[in-house]
1. Could you let me know the centre-to-centre spacing of the range 259-314 and the range 78-145, using Cα atoms, in angstrom?
2. I want to check the label-to-label distance for Cys237 and Gln75. Put each point 7 Å from Cα in the C-beta direction and report it in nm to one decimal.
3. In a Gaussian network model over the chain where Cα atoms closer than 10 Å are linked, find which of Gly30, Gly171, Gly243 has the largest mean-square fluctuation.
4. Dividing the Cα radius of gyration by the Kirkwood radius, what Rg/Rh value follows for the chain?
5. Using Cα-Cα distances under 8 Å and only pairs 6 or more residues apart, what relative contact order does the range 245-312 have, in percent?
6. Work out the charge dipole of the range 253-393 with +1 on the Cβ of Lys and Arg and -1 on the Cβ of Asp and Glu about the Cα centre, then indicate which of Leu273, Ala389, Ile306 is farthest towards its positive end.
7. What aspartates and glutamates sit close enough to Lys288 to cross-link, taking a C-alpha to C-alpha distance under 14 Å and skipping anything fewer than 8 places away on the same chain?
8. At a 10 Å Cβ-Cβ cut-off, how would you order Ser173, Ser341, Ser250, fewest neighbours first?
Amino acid sequence: MSAPLASLKILDFSTLLPGPFASLLLADMGAEVLRIESPTRLDLLRVLPPHDHGISASHAYLNRNKRSLALDLKQPEALELVKQLLADYDIVLEQFRPGVMERLGLGYEALKAINPKLIYVSITGYGQTGPYKDRAGHDINYLALAGLSSYTGRADSGPLPLGMQVADIAGGSLHGVIGLLAAVISRQQTGQGTHLDVSMTDCAFSLNAMAGAGYLACGEEPGWEDQMLNGGSFYDCYRSRDGRWMSVGSLEPAFMQQLCAALGRPELAAQGLSPKPEQQLALKDALKVEFEKHDFAELCELFAGIDACVEPVLNLGEAVQHPQLQARELVTQVPRGDGSSQAQIACPLKFSEALPPPRHVGAAPGQHTDQVLGELGLSVERIAELRRAKVIA
């Protein structure tokens with residue numbers, strides 16, 4: 001199969017998680033992604049534990065299928081090299097705070113003057129405008145300001161620090177990819193590029209899909225454990241006798257009836273169908289008692305053959321071995337470059353014709369510098385000269 005994004009060539013100036021996850025998806029779908037890295041300021045993701053074969057597992061995954069060019073962007077010769085690359089790489093992805101790329105001479109307006117078809121994607125915490133545009137932040141802060149944390153948690157202990165980065169990935173990465181591909185389609189029709197301003201806080205705010213709609217239209221302010229889907233009903237997780245957990249999402253009548261029948265309490269189903277909060281909470285208390293009568297393995301076996309929207313809470317090791325995830329081939333082997341391979345999460349998108357297999361794990365800083373500059377037409381002597389001047393590494 002010719003990969004669906006094989007025609008796209010992207011200069012990726014991003015580090016850490018949001019930008020690299022976005023360009024990972026693009027690279028998996030065939031885009032040629034060239035990381036522009038500092039030869040002196042290491043991407044902190046490279047040192048994040050745990051390490052496999054001396055390389056951060058997170059870096060090896062998030063930067064697979066990408067080449068690396070190490071440039072000192074503060075030197076004029078490096079700026080000229082980027083401008084030469086723009087003749088071919090007509091999409092830029094960057095994740096600096098507003099104004100940084102402009103100070104380097106690499107802002108949208110400067111690069112657009114070189115290539116009017118340029119698509120320029122900026123992913124930041126708070127966007128290119130507004131009073132917080134220069135403020136530092138992390139995922140937990142963006143979720144807090146976007147209102148999501150105000151109803152995601154427990155009434156007796158407050159908001160939860162989520163184990164995965166919702167604002168970074170669902171906010172910055174995925175919205176960045178959506179906007180980038182929309183810009184590509186627009187450019188095909190108009191011949192013009194654009195600057196896409198992706199704020200992780202903005203995008204996290206848009207994830208208030210149901211609660212936000214209710215508040216804006218009806219003034220209903222959600223709180224912890226007071227909505228049907230945030231712990232305010234039986235829709236929740238329940239502890240087994242041996243301390244494991246089962247997830248229960250039996251919202252529809254048929255599922256609720258099967259849940260209660262499986263637990264030997266068919267009479268409870270009527271409470272699950274009641275809209276009254278007191279009935280919901282009474283059912284929740286009853287389900288806690290019933291689930292704690294059984295060990296985790298027994299509950300897994302009990303619900304395995306029942307279509308009741310009840311599933312075990314698996315750890316990662318168990319998830320990898322689950323027959324559904326295995327059937328979907330969500331783990332792939334990625335070459336390290338030394339004849340061995342590393343197990344990684346596979347691209348989750350399934351096309352009718354398979355995507356090309358992964359080519360390599362995340363590259364070392366500047367691993368492809370000579371190759372990329374050779375493609376630009378630079379001689380071996382010129383490359384050596386730039387290296388002596390510490391423009392490249």
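1. Taking the Cα centre of the range 78-145 as reference, the centre of the range 259-314 is 50 Å away.
2. 5.0
3. Evaluated over the chain, the most mobile residue of the options is Gly243.
4. 1.04
5. About 49 percent, as a whole number.
6. Ala389
7. Filter leaves Asp236, Asp242.
8. Ser341, Ser250, Ser173
No lab work stands behind these numbers, since they all come straight from the coordinates. For clarity, every value in this text was computed on a predicted model and none was experimentally measured. Using ideal geometry, Cβ is built from the backbone for each residue, glycine included, and neighbour counts are taken over all protein chains shown.
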